[in-house]
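Okay, handing you the structure first.
The values are calculated or read from the model by the stated rules, or taken from the named source; none is laboratory data. Being a predicted model, the structure only gives us computed values, none of them experimental. Methodologically, a virtual Cβ is constructed for each residue, glycine included, from the backbone with ideal geometry; neighbour enumeration extends over all protein chains shown. The area values use the complete protein model at the heavy-atom level, side chains included, leaving out ligands, DNA and RNA. Shrake-Rupley method; radii C 1.70, N 1.55, O 1.52, S 1.80 Å.
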Amino acid sequence: MITKLTPDIIDQLISAELPDGDGDPVLLEVVTKNMIHGPCGALNPSSPCMSDGKCTKRYPRALVSETITGNDGYPLYRRRSTTDGGKSITLKVRNIDVEVDNRWVVPYSPLLSKTFKAHINVEYCNSVKSIKYICKYVNKGGDMAVFGVENRTRTIDEINQYQLGRYISSNEAIWRILSFQIHDRHPTVVHLAVHLENGQRVYFTAGNIRARAMSPPPTTLTAFFSLCNQDTFAKTLLYSEVPTYYRWNTSVKKFQRRIQGKAVEGHSGLYMTDALGRLYTVHPNNLECFYLRLLLINVRGPTSFEELRTVDGRVCATYHAACQELHLLENDAHWDISLADASNIARPRQIRSLFAIILTTCFPSNPKDLWEKYRDYMSEDILHRLRTTNQVPDIRFSPIVYNEALIEIEDMCLEIVNKALVQLGLPSPNRSINGRFNRDLQREPQFDDAEMGRSVQKNLPKLVTEQRIAYDRIMQAIKSKSGGLYFLDAPGGTGKTFLISIILAAIRSQNDTALAMASSGIAATLLEGGRTAHSTLKLPLNVQFTERPTCNITKNSGIGKILRSCTIIVWDECTMAHKKSLEALDRTLRDLRGNPGLLFGGALILLSGDFRQTLPVIPRSTPADELNACLKSSGLWLHVHKLSLKTNMRVQLRNEASADLFAKQLLDMGNGLMTVDQSTQCITLPADFCKITATADELIAKVFPNLPQNYKNLQWLGARAILAAKNIDVNAINFRIQNKVPGELKTYKSIDIVTSQDEEVNYPPEFLNSLDLPGMPPHVLSLKIGVPVILLRNINPPRLCNGTRLSVTKLMNNIIEATILNGKFMGEYVMLPRIPMIPTDLPFTFKRLQFPVRIAFAMTINKAQGQSLQVCGLNLENPCFSHGQLYVACSRVGRPEDLYVYAPDGKTRNIVYQNALL
């Protein structure tokens, strides 16, 4: 489950196809006899597997050319059709000859089937959803059915019937007779008691009841308190960490130091093992005990129940109060303190922006109280402006001042989530209704027609031949109102964004509407008026799991009116989007425009991107999954008109020979044309392509030279980063580089809770804390002032979108102040609060309240797509594992002297799916 199997390995182990009768007639006979389901359905309606006219085992299965990871935890194994090289046989079903192909084959292992010549269903367990194959089937034992003919008046011997109904094979019987262990458990797990003071379970008899009541025997919890009183090392431990260094002596009921294991450095006579401590779970309905448990997994070395609920020298009345003081619980106090901190250091506009983010992402229970408490701080600049404009210094705060502040806050909320303040629990400001609900319509006409026209006149002559051809094709399609689907194939550095900007400006200069969006937030900020496709089209969160997704847009909404009337829809970085997103747009436009028979309802769609870059991210996917999700596998792609840009504008403008060669080498890498060593499946990086470093430390030194002196230079910091394929490498690099930055480390712990209270016993807080998920901040976030961070959510686009890099300027308990490092908002100061985040790719739902950032000295290659750098480091200690990753990483810079690579022996894997490039 940790290392996923590739489709070719799965196909070697498991088959769902009829074998070749000429090559292996024995296996074909076994499969024909034992591994064919039914056939059922219309061929045999009375089959035992049929229920309500359908096969309960889901046969016949769909034919697929490559093995694909299924959404339900079960792979869709390769089942080729007869036209694609698959086999078929003829079987008799109800005395009728029926042709059976691979749709009816039950997955099997060729080795096991040939060995045992029996029905053996073999499945690849690749998800917790199919965990029953590990935890259920291997333990359920053999089945046996017993029947007999006997006299009904005879006495029933239930014990004898039970014995007859249980079957033990000869090998299992011998194993039990010889008293071999039937299971093993490693490592040792020590269960740790959780109870309130004097609330432990006590066993007594009539003779010792008084003695037991006066002096109950110690539990692991009370023994932990005693240990912390006596042992200074134990004071540094959490309750759950104690069994690693101490063993529980059941006879004397106390923890004692281990005498075997690995010696602990700096502590004589202390040893550690891999033993684990597990606290008993407590249901949230048992309030005080639940909060006591929460304290035990967060507080180190308490010596008593009273000290456990002592915070900053003050004894709290309850464990719940102690948890609140330690910020271990989610409540409105977070947002209150966040605004209080911001009010001491931030400008009114920043406080308004922070308040809008809290309203739209954190959903405080009483936002009106927060507004009334901090409205003066949010309105100070408006009051100052009125005093200056009217030259009346005695003007005080008034409903007029507050109303203007509310209008600005509402504008931000409409920008972020398209909701008015009345929908977020605040009073509605006094303004025109059109100004509130037609926000999307108002976005487009805000462009200056004359300025757009001058921009087109200035930049149009700068287009090279192929750019001009693409421009003329699009403008002709607009003029003829023919609509259609166009794709602009543009590798990095070919001036794609420049061309799209001219197209948008040309349309807007004629007072027409052009909708610009991109698959990533970073790419959206590069387009004037750009927004992310997901937020613009209101796409489902898990679009890949929806059979026929549509956009959540009504005809009378602002965005619905724009989609009906816009001249063109531009979608940049479309290659990262799932094909179902484009199909959802097609269905929505057909409905909104009232043209169900026309592609996209007759609208003109311009897609742009580079299929050499990474494809849609599918968790735990195989190459077939990614190709299946790619836009090119959609039926809509048959209607695309392709436009191409090939001239590298960096070379054209700089006239550098090294940049020209670098661009050609990049294209060879992206097209999979570099020579591959068949024994290792690796390519050798050309000596003139990059600068190879001998170690990871040298890579860090080359990308971040003289870090303690330079890290405060924002332009220097924002122009460089190290990329790696896997999160584990990124985290290790970030940890090492942050240690080189001077200053005090501040740690923030997240609050993790299961959204369903009934599930809290199954998923205790310490388990949720241990989850380090892609796209989510860690439970323990440690930062220093001056380190770069990357934003993980769209919280105030386009200013603060997923992928924005920032530099930390202040670290407070509930607020992080940071400066934007890149883009048109570079240098702007912003305030970041903790926000709740819910991952969507788990079998249960939990919420993490944490700052939505990660350290960004290093980041994953997928996260870097769309980022431009002046200096790029590439750590290939763990090689790239997916299509286009190496190409994306290397194309962040334009010259070979700006690319530093650490790769063992100068070799690495370059994954390219040729089907994605056809």
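I'd like the accessible area for ASP184: 1.4 Å probe, protein heavy atoms, all chains in place, Å² to the nearest 10.
Counting only protein heavy atoms, ASP184 exposes about 130 Å² to solvent.
I want the local charge near PRO110. Using Cβ-Cβ distances under 13 Å, sum +1 for each Lys or Arg and -1 for each Asp or Glu among the other residues. The partial results should precede the final answer.
Working: positive: LYS114, LYS117; negative: ASP11, GLU17, ASP20, ASP24, GLU29.
Taking every other residue near PRO110 into account, the sum is -3.
Among the aspartates and glutamates, select those whose C-alpha is under 16 Å from the C-alpha of LYS712, and discard any that sit fewer than 8 residues away in the same chain.
Filter leaves GLU744, GLU817, GLU828.
Determine the distance separating the Cα centre of the stretch 512-572 from the Cα centre of the stretch 34-100; give it in Å without decimals.
40 Å
Name the trypsin sites (Lys or Arg not before Pro) in the stretch 556-641 that are in a loop by DSSP and that have at most 11 other C-beta atoms within 10 Å, would you? Kindly include the intermediate steps, with their values, before the conclusion.
Details: sites: LYS561, ARG564, LYS579, LYS580, ARG587, ARG590, ARG593, ARG612, ARG620, LYS632; in loops: ARG593, ARG612, ARG620.
Answer in residue order: no site qualifies.
Please report how far the C-alpha centroid of the stretch 813-832 lies from that of the stretch 350-388, rounded to the nearest whole angstrom.
Between the Cα centre of the stretch 813-832 and that of the stretch 350-388, the gap is 18 Å.
PHE204 to LYS235: extension gain in nm, 0.36 nm per residue of separation minus the Cα-Cα distance? Intermediate results must be reported in sequence, preceding the final value.
Details: separation 31, 0.36 × 31 = 11.16 nm, distance 3.26 nm.
Going from the current span to full extension adds 7.9 nm.
Below 8 Å between Cα atoms, with a sequence gap of 6+, how large is the relative contact order for the chain in percent? Before the final figure, lay out each step's value.
Values: 1540 pairs, mean separation 86.6, N = 918.
So the answer I get is 9 percent.
Of all accessible surface on the chain at a 1.4 Å probe, what whole percent is carbon and sulfur? List each step's numbers first, then the result.
Details: 23460 of 46250 Å².
Result for the chain: 51 percent of the exposed heavy-atom area is carbon or sulfur.
What is the antiparallel percent of DSSP beta bridges lying wholly in the chain, to the nearest 5? All intermediate terms of the calculation are to be shown ahead of the outcome.
Details: 51 of 90 bridges.
Approximately 55 percent, going by the DSSP bridge assignments.
What is the sum of charges, Lys and Arg at +1 and Asp and Glu at -1, for the other residues whose Cβ falls under 14 Å from the Cβ of ILE733? All intermediate terms of the calculation are to be shown ahead of the outcome.
Working: positive: LYS702, ARG720, LYS726, ARG736, LYS740, ARG854, LYS863; negative: ASP697, GLU698, ASP729, GLU877.
Net local charge, ILE733 excluded: +3.
Moving to a separate point now. Place +1 on the Cβ of every Lys and Arg and -1 on the Cβ of every Asp and Glu in the chain, take the dipole about the Cα centre, and give the residue among THR388, GLY609, TYR245 whose Cα lies farthest towards its positive end.
THR388
Rounded to the nearest 10 Å², what accessible area does PHE447 have for a 1.4 Å probe in the complete protein model?
Probe radius 1.4 Å; accessible area of PHE447 about 20 Å².
Given a 1.4 angstrom probe, what's the average accessible area per residue across the chain, in square angstrom? Intermediate values should be presented prior to the final figure.
Numbers: 46250 Å² over 918 residues.
Value for the chain: 50 Å² per residue.
Quick one: of LYS538/LYS579; LYS462/LYS496; LYS642/LYS863, which pairs are farther than 19 Å apart, Cα to Cα?
On the way: LYS538/LYS579 15 Å; LYS462/LYS496 13 Å; LYS642/LYS863 27 Å.
Over 19 Å apart, Cα to Cα: LYS642/LYS863.
Could you list log10 I(q)/I(0) for the stretch 723-810 at q = 0.14, 0.15, 0.16, 0.23 Å⁻¹, which the Debye formula gives when each Cα is one point scatterer?
-0.65, -0.73, -0.82, -1.28
Which pairs break 23 Å Cα to Cα here: LYS368/LYS784; LYS33/LYS87; LYS664/LYS691; LYS702/LYS726; LYS664/LYS702; LYS87/LYS114? If you can, show how the numbers build up before the last one.
Working: LYS368/LYS784 34 Å; LYS33/LYS87 16 Å; LYS664/LYS691 17 Å; LYS702/LYS726 21 Å; LYS664/LYS702 25 Å; LYS87/LYS114 19 Å.
As for pairs spanning more than 23 Å Cα to Cα, those are LYS368/LYS784; LYS664/LYS702.
Any idea what the dipole of the stretch 502-632 comes to, in debye rounded to 20, about its Cα centre with Lys/Arg Cβ at +1 and Asp/Glu Cβ at -1? Provide the component values of the computation, followed by the final result.
Working: 15 positive and 11 negative charges, 80 e Å.
It works out to roughly 380 debye.
Helix-only mean residue ellipticity at 222 nm, the chain, DSSP H runs n ≥ 4 weighted -39,500 (n - 2.57), per residue, nearest 500. What is it?
Working: 36 runs with 310 residues, N = 918.
Calculated mean residue ellipticity at 222 nm is -9500 deg cm²/dmol.
Work out the length of the dipole vector of the chain about its Cα centre, built from +1 on the beta-carbon of each Lys and Arg and -1 on the beta-carbon of each Asp and Glu, and round it to the nearest 20 debye. If you can, show how the numbers build up before the last one.
Numbers: 105 positive and 87 negative charges, 96 e Å.
Here the size comes out at about 460 debye.
Just how much of SER868 is accessible, in Å², when a 1.4 Å probe is used and the result is rounded to the nearest 10?
SER868 exposes around 90 Å² with every protein chain in place.
So, one more: In the P(r) worked out for the chain, what percent of Cα pairs fall beyond 39 Å?
56 percent
Under 12 Å Cα-Cα from LYS117, which aspartates and glutamates qualify once same-chain neighbours fewer than 8 residues away are excluded?
Within the straight-line cut-off, LYS117 pairs with GLU29.
Let me ask another. Could you tally the net charge around SER47, taking each other residue with its Cβ under 12 Å from the Cβ of SER47, Lys/Arg +1 and Asp/Glu -1?
Values: positive: LYS54, LYS57, ARG94; negative: none.
Around SER47, the charge tally is +3.
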